[in-house]
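A.B. asks: Input: one structure, supplied below.
The values are calculated or read from the model by the stated rules, or taken from the named source; none is laboratory data. Here the structure is a predicted model, which means the values were calculated and not measured. Ideal geometry is used to build each Cβ from the backbone, glycine not excepted, and the neighbour counts take in all protein chains shown.
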Amino acid sequence: MKLYADRVPVALRQLITDIAVVLWVYLWIRIAFWMNDLVQKLAVPGQKLEGAGTGIADNLADAGGKVDDVPVVGDDLTEPFTKAADAARAIADAGREQQEFVGQLALILPAVAVAVPLALVLFFWLPLRLRWIRRAGVAAAVRNEPAGRDLLALRALAGRPLNELARLGPDIAQSWRAGDSDAVDALAELELRQLGLRGRRR
């Protein structure tokens, strides 16, 4: 397996791109954590609302219990305290719901923030990188073999632009079909150069 090209400019470009991709992913992960912390702070009002509502409801319930002991009018006096305690509990419930909503938001927003950059890496950069690794590994393995160089030459004929092929000579295809070793070597070198690999190792 070949991770980087032999030729310095290509290898340097690949290395810089790989580092940039890693930094890009790391940056978005850090942003996701920052967003999570930021959104979690929005739950503080809900926590205070829940605490205040629960505290008021408990105090009103205690007061209602004490007023209930008053002879004759105890039941009538307790009713307002009971209603007020129920209203306070509703406030506490609203605080809890707000915290739950913020908790869900704190998961969804960072996940979306990370998902888009990761999708770009996984579906665009990574397939291209793996394709180059596969092609370069095969080319490096066969570049010193006569049959391998013939395959590289065929690959160049099939895939390289016509202007690049024309620079090798007007009859390059005919020369390759005739088995001309110079033509085969020239085409093989063209394919290897396009991959950033050096030619035949002697």
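A.B. asks: Just the residues that are aliphatic (A, V, I, L, M) and in contact with a Lys or Arg (Cβ under 9 Å, 6 or more places away or on another chain), please, taken from region 143-182. Steps first, please.
C.D. replies: If we filter region 143-182 for residues that are aliphatic (A, V, I, L, M), which is where we start, we get 147, 151-154, 156-158, 162, 165-166, 168, 172-173, 178.
Within region 143-182, LEU152 is the sole residue that qualifies.
A.B. asks: Looking only at region 1-52, how many residues end up being aliphatic (A, V, I, L, M) and part of a loop (DSSP other than H, G, I, E, B)? Steps first, please.
C.D. replies: Keep residues of region 1-52 that are aliphatic (A, V, I, L, M), which gives 1, 3, 5, 8, 10-12, 15-16, 19-23, 25, 27, 29, 31-32, 35, 38-39, 42-44, 49, 52.
In the following step, the residues that additionally are part of a loop (DSSP other than H, G, I, E, B) were identified as 1, 3, 5, 42.
Final tally of qualifying residues: 4.
A.B. asks: Show me the helices (runs of 4 or more DSSP H) found entirely inside region 108-202 where at least 3 residues are closer than 20 Å to LEU15 by Cα and in the same structural domain as LEU23 (by TED's automatic domain parsing). Full working, then the answer.
C.D. replies: Working: elements: 126-142, 146-159, 162-166, 172-177, 181-195.
Passing ranges, in order: 126-142.
A.B. asks: Going by the conditions given, is ARG149 surrounded by 16 or more Cβ atoms within 10 Å (Cβ to Cβ), modelled with pLDDT of 85 or more and over 30 Å from VAL25 (Cα atoms)? Let's see the steps before the verdict.
C.D. replies: Numbers: surrounded by 16 or more Cβ atoms within 10 Å (Cβ to Cβ): yes; modelled with pLDDT of 85 or more: yes; over 30 Å from VAL25 (Cα atoms): yes.
When the stated conditions are applied, ARG149 passes them.
For every residue, the table says whether it meets (1) under 20 Å from ASP93 (Cα atoms); (2) assigned by TED's automatic domain parsing to the domain that holds LEU118; (3) under 18 Å from the mean Cα position of the chain (by Cα); (4) surrounded by 14 or more Cβ atoms within 10 Å (Cβ to Cβ).
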{"residue": "ARG13", "(1), (2), (3), (4)": "no, yes, no, yes"}
{"residue": "ILE16", "(1), (2), (3), (4)": "no, yes, no, no"}
{"residue": "TRP24", "(1), (2), (3), (4)": "no, yes, yes, yes"}
{"residue": "GLY46", "(1), (2), (3), (4)": "yes, yes, no, yes"}
{"residue": "LEU49", "(1), (2), (3), (4)": "yes, yes, no, yes"}
{"residue": "ALA52", "(1), (2), (3), (4)": "yes, yes, no, yes"}
